Number of protein chains: 2
Amino acid sequence: MTVVEKALPDVVKQAGVAADQVVGLGVDFTSCTVLPVTSAGVPLCTLEQWRARRHAWPKLWKHHAAQPVADRLNEVALTRGESFLERYGGRISSEWYFPKLIELWLEDREIYDECDGFIEATDWIVWWLTGVECRQTATAGFKAMWSPDDGLPSTDYFEAAYPGFDKPGEKLGDTFVPLGTKAGSLRSEVAERVGLSESVAVAVGNVDAWVSVPGIGVDGPGSYVVVIGTSICDMIVHPEETRLPGVTGVVKDGILPGLYGYEAGQAAVGDMLAWFLEHVAQDAGAYAQLEEAAARMAPGETGLVALDWWNGNRTILADADLTGAIFGLGLQTTREQIYRALLESIAFGSRRIMDNFEEHGLVLSEIVACGGIAERSPLIMQLLADTSGRLVHVPDVSEIPARGAALFGAVAAGVFDDIGSAIEATRPKEVRTYTPDLEAKKTYDRVYEIYRTLYELLGRTEVGLLHELKRIRTERREA
Amino acid sequence: MTVVEKALPDVVKQAGVAADQVVGLGVDFTSCTVLPVTSAGVPLCTLEQWRARRHAWPKLWKHHAAQPVADRLNEVALTRGESFLERYGGRISSEWYFPKLIELWLEDREIYDECDGFIEATDWIVWWLTGVECRQTATAGFKAMWSPDDGLPSTDYFEAAYPGFDKPGEKLGDTFVPLGTKAGSLRSEVAERVGLSESVAVAVGNVDAWVSVPGIGVDGPGSYVVVIGTSICDMIVHPEETRLPGVTGVVKDGILPGLYGYEAGQAAVGDMLAWFLEHVAQDAGAYAQLEEAAARMAPGETGLVALDWWNGNRTILADADLTGAIFGLGLQTTREQIYRALLESIAFGSRRIMDNFEEHGLVLSEIVACGGIAERSPLIMQLLADTSGRLVHVPDVSEIPARGAALFGAVAAGVFDDIGSAIEATRPKEVRTYTPDLEAKKTYDRVYEIYRTLYELLGRTEVGLLHELKRIRTERREA
């Protein structure tokens, strides 16, 4: 709320437009970040009566305390052969809506009973802006296992996992509107505080990763959108539904209305490089020197290959208990070579996900990248091109998610008929394109073959090895 | 020769003994370091006529240019089912006598024909000291595939590998005498130069690693002698012959007369730690801090395991093309934890070799360690104890190989009847003993199980992966 009040007037001022030229507003937020609210949309954590109770507060997307609930929900879904699992690559995450809601139900029934809704922060902020409660299809689909065709998983299923949890939809609602729908207009109180007109249309909420797709100018199949920063979110949109293993989710209307949105990702990217600087080099300033030295190396020259599982594997193994590995170390291996191997492992991880899509019939003809690392590391962009054999386009615009959210705001305001026209009209003109070096690709094909075999070996066939190593570590640290 | 002339008088002086109290002399040298000599024992490299030819010079033990010859010899031996291979764990090394001799034969036939002998440096220095050519059983057995029972591999075998190479023994000789035999007495010229009497007995030559066994006080089975420095040489002696896979060699009279000597080893130990300091930490002075931090960690706490193959695997895989690997890396992994994982990998590698011996019926009840790391790293010694469950004894004496060589000199001089009596009389009294922590061992048993599975997987079942990675590296660097 503070950010809205401070940032909105600043942005309008910096843009050099008159306040009355602003006709629409779009919002994006992390997900699944959820909070319990009253029927009037008041967060329980703001009420004196509840603020001392931890479950009254928002649960941040990356909080993993609901892992046991997720494990139970997965186990029961598998036993019952629940078909909804196929939309989520065979497994749901502890970061999602129902694990968090059931954790609340199990641990603080009073808060559970007291709240009228348990709502995504993106929907809540729209509610606060407009006074209208309006939930959208994207988070319902990606995080709450809802689909426009099948609705929620059955009450029988939830009851089988958690007897007594027999009204799964009571805190979620049952109406979800498409992205770009106008939720309402600015409440007078908010309009006044931010210096905009009450007539400003506000689109239903959106989510930072997915909204990058329109923001970057992608409106159809064939483009692999890579948002690369501390981690990677990969997205594609396609007119058809393909259920494929390992994907985070396949959700109708989840990214762009009328299309199936596919999400995948890598759990540690910038985070892994930051780890290397902080813990191995112990020199936060070594980044430029390492990047420069790594850029001078030829494919395959390091003799190294790494499995990029420093924070588990999100896609396609969906296994948070995997850990990273480096192979090929020798007495002449340099710090810079290890750094290069980490960069290559990011690219190989990405290719592995693309292979998974293509092996299930979803052709990806180009990569479109954005995010901090797309802007800062030409080397990683070139590696994405060289390992995959695809063109990599990096549009020369910043704040891609904000752009995407703004496009939905414009649709809500009626400036465009639909998001497709909005994307078409605003697609970034300046693009830096990285072209694959086919000689490099030949060598990388050989290294990737090794990567992929190790991936299968340690991620599937012999998955017990890394799991046991982590289990021992956890036990020893607790002891 | 310079060292002998300078060091001998110095040592006598420092020892505070009169020159005439010195009655015997023993020598140890690296092996297989070999050189071509005339029938009078003159190295060809000292003759004006030949000194410009590289093959006239000594070939240092660790020179690997004869690898293609070793590969060919191994291949033909396997095809023909040559039983001598079993004495060498199934594979001979490019560091050994015949690969080096045949390399010479192939590349410079004139030098090959010109030299009368191609001789181990340890035997040559004894020849120079005494004027008597006298070769011993140890290097003949460990490095020239000779055995007292079977002699050399057959001429048919050598001819099958290298047609025309039909006198395998002509540069080696066919008489090999037991260790401790008196080769002769000091030549008058040498005696004068070093200030000792011509009556000083000189024992036949010995080799630095094996001579550590008597030097450290071991004279029978059950003790696992670990010489730990840049690499590890492991030795045991036993009255019986057991042919077992992966061992470097099993040689009758090879370490102590009358017993079978077994040699095994790890290719990178101190070298691997020096690599970490130089290339990863980039701080040669970080050793003490890393060792101290590593010493504070509990078993299993790092969540890491490493395969200690930074310079290939000597025993039990005998594969120079393997490379190192680290597993279990995460965003919280510290530099110190990686260092500890390397130390643990040294201990696991050692346990793997001991397991191999014990699985073939050779019981090892204790570890006796010497060498730079045994003196400097109590942590590694404790890890050897904790991972193996055995007592580790580190005698508090220095220059163990020189002690061992001196014992053989004393036997040659008749001071002792045999090496057994010499060992008995001089066994080090002060010993630091490391006792296994059985709680730690319980955890290490679990981590070792993971280590051993990864070892099998990457060293055998899927050995093509690391080989291909190295092949790509070699090709790219040559390109």
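Of the residues making up region B:1-36, just one is without any contact (Cβ under 8 Å) to a residue 24 or more places away in the chain and hydroxyl-bearing (Ser, Thr, Tyr), namely B:THR2.
Taking region A:105-161 as the range and being aliphatic (A, V, I, L, M) and within 22 Å of A:GLN49 (Cβ to Cβ) as the test, the residues that pass are A:LEU106, A:ILE111, A:ILE119, A:ALA121. Within region B:265-288, the set of residues being away from chain A (no Cβ under 11 Å) and over 15 Å from B:GLY349 (Cα atoms) comprises B:LEU277, B:ALA284, B:GLY285, B:TYR287, B:ALA288.
Could you tell me whether region B:20-42 includes any residue that is in a helix (DSSP H, G or I) and surrounded by 12 or more Cβ atoms within 10 Å (Cβ to Cβ)? I'd like the intermediate steps shown before the answer.
First pass over region B:20-42, keeping only residues in a helix (DSSP H, G or I): B:20-21.
So of that shortlist, the ones also surrounded by 12 or more Cβ atoms within 10 Å (Cβ to Cβ) come out as none.
Taking every residue of region B:20-42 in turn, none turns out to be in a helix (DSSP H, G or I) and surrounded by 12 or more Cβ atoms within 10 Å (Cβ to Cβ).
Among the residues of region B:104-115, those that are within 17 Å of B:HIS64 (Cα to Cα) and out of contact with any His (no Cβ under 8 Å at 6 or more places or on another chain) comprise B:TRP105, B:LEU106. If you take the residues in region A:447-479 that are assigned to a loop (DSSP other than H, G, I, E, B) and not charged (D, E, K, R), which one is farthest from the other protein chains (Cβ to nearest Cβ)? So the residue we want is A:VAL463. When region A:243-267 is limited to residues that are among the hydroxyl-bearing types (Ser, Thr, Tyr) and at pLDDT 95 or above, the one that is surrounded by the most Cβ atoms within 10 Å (Cβ to Cβ) turns out to be A:TYR262. Looking only at residues in region B:420-446 that are of a type in the set (Gly, Ala, Ser) and away from every other protein chain (no Cβ under 14 Å), the one that is nearest to B:HIS238 (Cα to Cα) is B:GLY420. All told, A:ASP150 falls short of being without any contact (Cβ under 8 Å) to a residue 12 or more places away in the chain and not polar (S, T, N, Q). Looking across region B:298-356, the residues that are under 27 Å from B:ILE472 (Cβ atoms), more than 13 Å from chain A (Cβ to nearest Cβ) and either of a type in the set (Ser, Thr, Tyr) or in a loop (DSSP other than H, G, I, E, B) (or both) come down to B:ARG314, B:THR315, B:ILE316, B:LEU317, B:ALA318. Here A:SER398 qualifies as touching an Asp or Glu at 6+ places or on another chain (Cβ under 8 Å), away from every other protein chain (no Cβ under 14 Å) and without any contact (Cβ under 8 Å) to a residue 24 or more places away in the chain.
Do you know which of the residues in region A:197-240 that are among the acidic types (Asp, Glu) and at pLDDT 95 or above is farthest from A:PHE84 (Cα to Cα)?
Taking region A:197-240 and keeping what is among the acidic types (Asp, Glu), we get A:198, A:208, A:219, A:234, A:240.
Now narrow it down to the ones that are at pLDDT 95 or above: A:198, A:219, A:234, A:240.
Working: A:GLU198: 41, A:ASP219: 26, A:ASP234: 21, A:GLU240: 17 Å.
Per the stated criteria, the residue is A:GLU198.
Residues in region B:401-419 include none that are within 24 Å of B:MET354 (Cα to Cα), more than 14 Å from chain A (Cβ to nearest Cβ) and surrounded by fewer than 18 Cβ atoms within 10 Å (Cβ to Cβ).
The values are calculated or read from the model by the stated rules, or taken from the named source; none is laboratory data. Given the structure is predicted, the values throughout are model-derived calculations rather than measurements. A quick note on method: Cβ atoms are made from the backbone with ideal geometry, for glycine too, and the neighbour counts reach across all protein chains shown.
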